[in-house]
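None of the figures in this text is laboratory data; all of them are computed from the coordinates on show. On a predicted model such as this, the values are computed, not experimentally measured, just so you know. Here Cβ is always computed from backbone atoms with ideal geometry, including for glycine, and neighbour counts include all displayed protein chains.
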Amino acid sequence: MVDDNLMVYVNETRLVGIMFCVYLAFSVVKNANDINVWYRSHYSVVKPTRVLGVKFLTLKLSPRLLLLMMASFALFLLAYAYSGNRLFGVSALVIYFLVFPSITNFHLIHAKSSNCPIVLSILLISSENHSALFYAQGLGTENETEWGIFFMRLFLGLAYLETGIAKLIASGWKWTKGKALQWYLLEHYLWGGFRFAVPLMQSHPIVLRILSTVTMLIQLSAPIIVLGTWIPAIPIVHGMFAFGFHVSTQIFMGIYFLPFFGPALVSSMLSYPVARIMEYCLDAGLVMGNTETIASGIAHSSAWQICFMAMIPAFQLLCSLTCRVRFPFVLYRLFSLDHSHRKDYGVLLLEFENAAGDVAPWRPLTYYDVRNLSYETVCDESIETGDLSLEDRRRLTKLSPEFDEVFKTRIWKIMEKEEGDRLSSTRCIRVILRYANWDGEIPIGCDDYLVARIHMKNGKPGDIELVERSFVGSRLFPSPFRLGDWQLSSNC
């Protein structure tokens, strides 16, 4: 029995650790098949990501072994959530760094999963996370700061803040006018065909302006969630807006943040209300708790633990200021550029043409873009060339002189493994340019123009033939085969 002068409380840091690990384990299990399908076709052609900027001993896993290690990762997370034993948490962290560097190019992973080992490290250092879930404390006793939650929220706040500041640096406050958001909706619609984006693109400008402004405010105000220890409503309200933002990007643009960025966000947002509900149920007798599991208090992090936890968001801040990617400390600078003035912006796609003349689009799981031929992570503050940064120019590379070699040695291997037997009847592969028609400021549709044919010889890609300018139309490709700043090489 608990003394009448004592009140039973929920250890929020421990609750956050449980919610985070269970959510992450569920995401891994749910998406394991898609990750495995992608890995089967990419592991031989995609280089693993370096950990902390150094060459890391990455395992060359077979697809079956990858599934086994992902299952082990999920089981260790669940065991850590249940027992609070650091051994399980450290095991999960080690498996993460053995598996995830090889699959960071998967569209569900990317930088979205890089917060997982960071948050897990904070939880491993924190003493609060390794104390009992329920503890008794005298009425009116002041609670000490739970540093594990504090530094986890600080890291999340810095990640969002960096994204907002990148928008201000690259585009200024004009990003909130809505045209930049309209342009990104258009780009993703051209590539992925997300039909729900069309009515939003064509909505009244004030709607896009409101959504853009709310997005900017969510990102710039994110650091205030660290005050959640003293003002619990702040992380709840901000978390609801951030969660809604990620749901909307998933629906309208096909960007999935919630599977691997969601565990930290959701556990930070829901820890306080869930803890209060659990306390109310215990106090009202709706749930009969085992008094043996109620501790007399919780252990609080010592000074050295606080210093180690503080070093984690501090290193993230250092990487941001120095513009260096040191996985899992990545740069969060998404969708910062405003290209709404580029009316003829296009997206390159690949299509198959079989013996019967049927054409089918290639939709790889990674949304692999044939423009990404020489992409390297470059800071937005790189040397500007015209109205496009160096990063943007590399990302938007079209049929460069290296395209022939890149296609045969990289893209074709991926396509061949993903498509399997269906490619046996393929007669040629067509590279098409999809671009939008514009009516004033509103995109009203898209047209496809053939850019090149890749002829097949005995089931292997042969010569690449560029389409004549007269076929494509001079408005799109003024001589010599140019669209804006993109060069179509004539010697592909």
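A few points about this structure:
- Charge context of residue 277, other residues only, Cβ under 13 angstrom, K/R +1, D/E -1: -2
- Cα-Cα over 32 Å, subset of 112/177; 30/460; 167/413; 30/60: 30/460; 167/413
- Neighbourhood net charge (12 Å Cβ-Cβ; Lys/Arg +1, Asp/Glu -1) for residue 462: +2
- Long-range amide H partners of residue 451 with built H, under 5 Å: 431, 432, 433
- Using a simple spin-label model with pseudo-atoms 7 Å out from Cα toward Cβ, residue 217 and residue 60 lie 5.4 nm apart.
- Two-site label geometry, residue 85 and residue 37: point separation in nm, points 7 Å out along Cα→Cβ: 3.7 nm
- Part-to-part distance (alpha-carbon centres) for the range 162-209 and the range 33-108, which is given in Å: 34 Å
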